[in-house]
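Here's the structure, in structure tokens; my notes come after.
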Amino acid sequence: MMLGIILGGWFFKENMFNLLIFLVFLSILTAILTTKMITETLILNTRLGKNNMNSKNVFKSYKAIIGDYRFILFTLGGIMLMSIEFQRDNYIAVRLTQDFSPISLVSNNISLSIDGFRMLSILTVVNMLFIILFTSVVSKYVNQFREKKMYIGFLLFTIGYAVCSISNNLIILLTATVILSIGELLYVPIRQSILSEIIDENKYNGPKKLDTK
């Protein structure tokens, strides 16, 4: 994914058609690999009964979910966070391509131009590298005072994206991306842990678990 982001951001402006052709080729290749080489390993000994899959039980499940106010508030909070994160591919992407002034970097007679497209790919790669390299390290230290650390993560995440939404300075954008990446590292594992704790499995009225022994 990181390589794709780099290639897309670097060659989108001048070679968009070639990138789209390459994307079509990869999509076809992925479909072939999925069809031919990926097989189901779970062997079901029993089938789901019709009574478990009817619309009545489905609505009962949704009714139980709607009645769980903690889960609803948690979900709404997650949607708000996602609305912030999606701005990188929406508002921030459009703003950088329109407002970011190209920067020329020259080193050892090698000239490199960074425009809005390439700047967006650089910011995305920086964020991804932080997640890849430091997730396991940070996860070891988030259990203690986890709610407090989660709130700090939310704050850093929001501040980082807010700065990226208004700044056109290379250093400030990179610094803001580091800040939001640290925030993401703090809140994501805690949020996932809390989600698993607030779900009441006794309220789930869907299909029963299958015996696959």
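The values are calculated or read from the model by the stated rules, or taken from the named source; none is laboratory data. Predicted, not measured: the structure shown is a model, and the values here were computed from it. Note: ideal-geometry Cβ built from the backbone for every residue, glycine included; neighbour counts use all protein chains shown. Side chains are part of the model used for accessible areas, which takes the heavy atoms of the whole protein and leaves out ligands, DNA and RNA. Shrake-Rupley method; radii C 1.70, N 1.55, O 1.52, S 1.80 Å.
For (1) within 30 Å of R88 (Cα to Cα); (2) modelled with pLDDT of 75 or more; (3) open to solvent by 80 Å² or more (accessible area, probe 1.4 Å), each residue gets a yes or a no:
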site	(1), (2), (3)
M2	yes, no, no
F11	yes, yes, yes
L19	yes, yes, no
L26	yes, yes, no
I32	no, yes, yes
M37	no, yes, yes
R47	no, no, yes
K50	no, no, yes
M53	no, no, yes
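I'd like to check something: does the stretch 78-88 contain any residue that is among the aliphatic types (A, V, I, L, M) and in contact (Cβ under 8 Å) with a residue 40 or more places away in the chain? Explain how you work it out, then say what you get.
Initially, the stretch 78-88 is screened for residues among the aliphatic types (A, V, I, L, M), giving 79-82, 84.
Imposing the further condition that a residue be in contact (Cβ under 8 Å) with a residue 40 or more places away in the chain reduces the set to 81, 84.
Checked the stretch 78-88: at least one residue is among the aliphatic types (A, V, I, L, M) and in contact (Cβ under 8 Å) with a residue 40 or more places away in the chain.
So in the stretch 146-160, with the set limited to residues that are open to solvent by less than 10 Å² (accessible area, probe 1.4 Å) and under 18 Å from I79 (Cβ atoms), which one is modelled with the lowest pLDDT?
Of everything passing the filter in the stretch 146-160, G153 is modelled with the lowest pLDDT.
If G77 satisfies every condition in (1) loosely packed, with under 12 Cβ neighbours inside 10 Å; (2) of a type in the set (G, A, S); (3) at pLDDT 85 or above but one, which is the exception?
(1)
Give me a count of the residues in the stretch 57-74 that are open to solvent by 70 Å² or more (accessible area, probe 1.4 Å) and either in contact with an Asp or Glu (Cβ under 7 Å, 6 or more places away or on another chain) or at pLDDT 85 or above (or both).
Within the stretch 57-74, residues that are open to solvent by 70 Å² or more (accessible area, probe 1.4 Å) and either in contact with an Asp or Glu (Cβ under 7 Å, 6 or more places away or on another chain) or at pLDDT 85 or above (or both) number 1.
Could you tell me whether the stretch 124-134 includes any residue that is at pLDDT 85 or above, open to solvent by 90 Å² or more (accessible area, probe 1.4 Å), aliphatic (A, V, I, L, M) and in contact with a helix residue (DSSP H, G or I) (Cβ under 9 Å, 6 or more places away or on another chain)? Before you say what the answer is, go through the steps one by one.
Quick first cut of the stretch 124-134, residues at pLDDT 85 or above only: 124-134.
Filter once more, keeping what is open to solvent by 90 Å² or more (accessible area, probe 1.4 Å): 132-133.
Within this subset, residues satisfying the condition of being aliphatic (A, V, I, L, M) are 132-133.
Next, only the ones that are in contact with a helix residue (DSSP H, G or I) (Cβ under 9 Å, 6 or more places away or on another chain) stay: 132.
Yes, that holds for at least one residue.
Name the residue that is surrounded by the most Cβ atoms within 10 Å (Cβ to Cβ), counting only residues in the stretch 89-103 that are charged (D, E, K, R) and at pLDDT 85 or above.
Only one residue tops the list, namely R95.
Step by step: first the residues of the stretch 168-179, then only those that are open to solvent by 50 Å² or more (accessible area, probe 1.4 Å) and either not in a helix (DSSP H, G or I) or not hydrophobic (A, V, I, L, M, F, W, C) (or both), then the one that is farthest from A93 (Cα to Cα). Which residue is that?
Per the criteria, the residue is T175.
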